[in-house]
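One structure below.
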Amino acid sequence: MREKLTPATGAGQYFQIMVVNRGEKYRCRPGQSLLASMELANSSCINIGCRGGGCGVCKVRILSGEYSCKRMSKTHIAEDQAEAGFALACRVMPLSDLTVESDHCSERPHRNTQFYSDSPATTVGNNPSNNKSQRKFK
Amino acid sequence: MKKGVMRPGHIQLRVLDMEEALKHYRDLLGLIEMDRDQQGRVYLKGWTEVDKFSVVLREADAPGMDFVGFKCLSEDVVDSLRAELIEFGCEVEDIPAGELLDCGRRVRFNSPSGHYFELFASKQQTGKWGIGEVNPEAWPQGLTGMKAVRFDHCLLYGPNIAGTADIFCKVLGFDLAEQVIEPDGNIIARFLTTSSKAHDVAFIEHPEQGKLHHASFWLETWEDVLRAADLISMNDVSLDIGPTRHGLTHGKTIYFFDPCGNRSEVFCGGDYHYPDHPPVTWQAEQLGKAIFYHDRQLNERFLTVLT
Ligand code: FES
Ligand SMILES: [Fe+2]
């Protein structure tokens with residue numbers, strides 16, 4: 001006998017995500033990341049990058065709520081920052097309704113200043129992965 | 001190969017979770033897992049590569065690239081280039097044989113763009129994977145995923161790529177094969193080759209030091225690139241863009257991300273280069289078309305999503 005078709009998403013629990021700086025909210029199912037559920041909701045209130053915790057583009061600050069976090073690049077979330085609620089949305093698994101603030105990917109230079117400038121030979125931002133071994137070039 | 005540097009020989013990438021990374025590099029890209037060392041690093045290669053490995057994965061707390069190494073014709077070449085690098089102003093570090101499993105001594109040097117590079121001449125040759133050296137079959141059975149043929153090149157972002165390109169061209173004998181020039185003459189992208197490939201390593205100007213844009217693997221046909229795209233969808237892998245064509249190099253390509261955000265590329269086709277060829281030039285005003293030939297528009301991710 002054929003199985004009865006049920007919607008793939010099923011009924012049941014979901015968390016409400018409020019992105020305060022954009023004045024937007026969307027739903028997130030348990031087990032989905034903060035970023036993946038935003039993409040599924042066809043929203044763009046958090047910037048999308050690599051979706052893997054590496055690039056820092058989706059950086060947010062979580063103002064309230066419970067969540068767990070997969071490993072995130074130390075280059076973008078240092079330990080004290082994680083304690084202050086900063087996180088990469090693609091690695092955040094909400095465990096309750098969340099209130100978050102997006103657009104925390106600050107040290108990224110804008111496209112135009114990046115390509116159409118003199119491109120000074122200076123380091124922007126702190127990159128711990130470089131610091132450890134970065135020596136001065138003569 | 002004017003100065004005896006043959007090809008990109010290996011790249012060491014940092015990953016956040018080794019088992020997840022292996023699902024990407026081994027199971028999806030189809031690289032062959034060749035070995036593991038005491039530090040927990042995993043060694044892989046494309047099936048056509050004769051040397052034992054070309055990709056080394058290291059678990060760390062930030063993704064990105066540790067270094068890319070170039071294989072030279074002989075130890076004598078490594079010695080003489082080592083001296084020339086020091087003369088040129090590079091800081092050079094000697095890495096003893098065996099630090100990478102079954103690899104000879106390496107000479108590591110820094111660069112103005114903040115990347116680390118290596119020269120080496122000796123690495124165990126295990127031969128192409130799955131086929132013999134005599135009367136070889138066309139390809140081995142039992143490959144998985146995208147069946148990546150070889151590690152091909154990487155694109156690196158950093159400041160003062162002119163300085164880094166100088167090391168490659170003046171000291172190591174690479175040619176500038178393709179470039180992007182701003183109206184004032186400033187070169188913002190440099191694609192360098194030491195072979196007849198359109199690029200063996202490429203650089204784009206960017207303020208942060210030592211960044212990786214992508215590591216790239218070669219496929220034979222456009223059909224293979226489409227099949228790679230199918231696998232990306234089937235496995236819910238993070239897609240960047242493609243399948244499409246680049247203007248620069250004219251390669252047919254797809255970009256996607258490993259599970260911790262390092263960008264991968266698989267591609268086929270593209271331009272070739274000989275030492276008597278002038279560089280192919282794209283104007284910065286046409287940058288969109290230079291990068292994504294069909295869209296003719298740059299997406300923000302191409303410039304800002306890096307590890
Ligand atoms: S999208 Fe790259 S870190 Fe989240
Ligand atoms: Fe590439």
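Taking packing as the residue-averaged number of other Cβ atoms within 10 angstrom, the listed peptides B:92-101, B:133-142, B:298-307 run from highest to lowest as B:298-307, B:92-101, B:133-142. The base-10 log of I(q)/I(0) for the range B:150-307, evaluated at q = 0.12 Å⁻¹, reads -0.49 [Debye formula, identical scatterers on Cα atoms, solvent excluded]. Modelled this way, with points 7 Å down the Cα-to-C-beta line, the labels at B:Q39 and A:C69 are 2.7 nm from one another.
Take each residue of peptide B:199-205, count the partner chain Cβ atoms within 10 Å of its Cβ, and average: the result is 1. Stretching B:R58 away from B:Y272 to a fully extended chain increases their span by 73.8 nm, per 0.36 nm per residue minus the current alpha-carbon distance. Cross-link pairs exceeding 29 Å in C-alpha to C-alpha distance, out of A:K70/B:K197; B:K123/B:K170; B:K147/B:K197; B:K71/B:K289; A:K70/B:K123; A:K25/B:K252, comprise A:K70/B:K197; B:K71/B:K289; A:K70/B:K123; A:K25/B:K252.
The stretch between B:E19 and B:E220, if pulled fully straight at 0.36 nm per residue, gains 69.6 nm over its current Cα-Cα span. 3J(HN,Hα) along the range B:247-259, derived from phi through the Karplus expression 6.51 cos²θ - 1.76 cosθ + 1.60 where θ = phi - 60°, amounts to x, 4, 6, 6, x, 9, 8, 9, 10, 8, 10, 6, x Hz, with x in place of Gly and Pro. The calculated FRET efficiency for B:H250 paired with B:R296, based on their beta-carbon distance and R0 = 22 Å, is about 0.95. Here the 3J(HN,Hα) profile of the range B:94-109, calculated from phi with Karplus coefficients 6.51, -1.76 and 1.60 at θ = phi - 60°, is 9, 9, x, 4, x, 5, 9, 3, 6, 10, x, 4, 10, 10, 9, 9 Hz, Gly and Pro shown as x.
For chain B, the dipole from Cβ point charges (+1 on Lys and Arg, -1 on Asp and Glu) about the Cα centre works out to 360 debye, to the nearest 20. Take each residue of peptide B:14-20, count the partner chain Cβ atoms within 10 Å of its Cβ, and average: the result is 3.
Between A:A82 and B:M234, the simple label model (points 7 Å from Cα in the Cβ direction) yields a spacing of 3.5 nm. Taking θ as phi - 60° and the Karplus parameters 6.51, -1.76 and 1.60, the scalar couplings of the range B:173-190 work out to x, 7, 10, 7, 8, 9, 8, 10, 10, 7, x, 7, x, 5, 8, 9, 9, 10 Hz in sequence order, x denoting glycine and proline. If R0 is 60 Å, the Cβ-Cβ spacing of B:I181 and A:Q13 corresponds to a FRET efficiency of close to 0.60. Counts of other chain beta carbons within 10 angstrom of each beta carbon in peptide B:206-214 average 6. For the peptides B:275-281, A:63-69, the ranking by packing is A:63-69, B:275-281, with the highest mean count of neighbouring Cβ atoms within 10 Å listed first. Label separation (B:S74 vs B:E137): 3.8 nm, computed from points 7 Å beyond Cα along the C-beta direction.
When the charge dipole of the range B:74-151 is built from unit charges on Cβ atoms (+1 for Lys and Arg, -1 for Asp and Glu) and taken about the Cα centre, the candidate among B:Q125, B:Q141, B:G104 whose Cα reaches farthest toward its positive end is B:Q141.
Solvent exposure of B:R190, expressed as accessible area, is near 40 Å², computed with a probe of 1.4 Å over the protein chains only. Here is the tail figure for the range B:32-100: Cα pairs spaced more than 20 Å apart come to 44 percent of all pairs.
Here, chain B yields an orientationally averaged convex hull projection of 15.4 nm² when only Cα atoms define the hull. Computed with a 1.4 Å probe over protein heavy atoms only, the accessible area of B:E223 comes to about 130 Å².
Output the relative contact order of chain B, whole-number percent, from Cα pairs under 8 angstrom with separation of 6+ residues. Relative contact order here is 18 percent.
The values are calculated or read from the model by the stated rules, or taken from the named source; none is laboratory data. This is a predicted model, so every value here is computed, not measured. For neighbour counting, all protein chains shown are included, and Cβ atoms are generated from backbone atoms with ideal geometry for every residue, glycine included. Only protein heavy atoms, including side chains, enter the accessible area calculation; ligands, DNA and RNA are left aside. Shrake-Rupley method; radii C 1.70, N 1.55, O 1.52, S 1.80 Å.
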